[in-house]
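First comes the structure, then the notes that go with it.
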Amino acid sequence: MNILFSEYFLIFLFLIFASLLSIIIFFLSYFLVSQKANQEKVSAYECGFNPFDDARSTFDIRFYLIAILFLIFDLEISFLFPWSIILGKLPQLGFWTMLLFLFILTIGFVYEWFKGALEWE
C-alpha cells in the first residue's frame, strides 16, 4: 500500500511543479514584455473580416469547407498515428479496416477537389 501512495505522490509533485512553473512563466512574460498596443496588433487576422463588425454578417461558404477539410485530415492523422504504432500486432482485419477508412477519406477529398472547394479566388 505504501508503494501505491509513493507513485501517486510523484504524480502530485509533478502536477505541483508544472503548475508553479507555468504560473511563474506567465507572470514573468506579463511583467517583462512591454504592453504597447498599436493598430497592427489589434487588427483582424486569420479570419479575413473585421472582428468588431456585426456578428450576423455573411461571409463565404469556403471558410466552412476549408474548416471541414482540416477536421477530416486532422481526424485521419489522429487515427493513423496509433494505428501505425501497433501495425505489426494487428490482425488482417485491422489492416483492411484502416485501408477502407483511408479509401473513404480519399473519395471525400477527391469529391471536394472536383467540386472546387480547394479553389480560392
message: Between a residue in the stretch 61-75 that is farther than 14 Å from Gly108 by Cβ and any residue that is surrounded by fewer than 10 Cβ atoms within 10 Å (Cβ to Cβ), which pairs come within a Cβ distance under 7 Å, given they are 6 or more apart or on different chains?
response: Arg62/Trp120
- line: Result of the Cβ filter at 6 Å on the stretch 84-112, keeping first residues that are closer than 16 Å to Phe73 by Cβ and partners that are part of a helix (DSSP H, G or I), at least 6 apart or interchain, is Met98/Trp83; Leu105/Glu76
query: When Met1 is evaluated against the numbered criteria (1) exposed (fewer than 10 other Cβ atoms within 10 Å of the Cβ); (2) at pLDDT 70 or above; (3) more than 24 Å from the chain's Cα centre (by Cα), which criterion, by number, is the only one it fails?
result: (2)
query: Does Phe73 fit the bill of being of a type outside the set (A, V, I, L, M), surrounded by 10 or more Cβ atoms within 10 Å (Cβ to Cβ), at pLDDT below 85 and under 24 Å from the mean Cα position of the chain (by Cα)?
result: yes
message: Please verify whether Phe103 is on the phi < 0 side of the Ramachandran plot and modelled with pLDDT of 85 or more, treating the condition exactly as stated.
response: yes
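The values are calculated or read from the model by the stated rules, or taken from the named source; none is laboratory data. Values in this document were obtained by computation on a predicted structure and should not be read as measured data. Cβ sites come from the backbone with ideal geometry, for glycine too, and all protein chains shown count toward neighbours.
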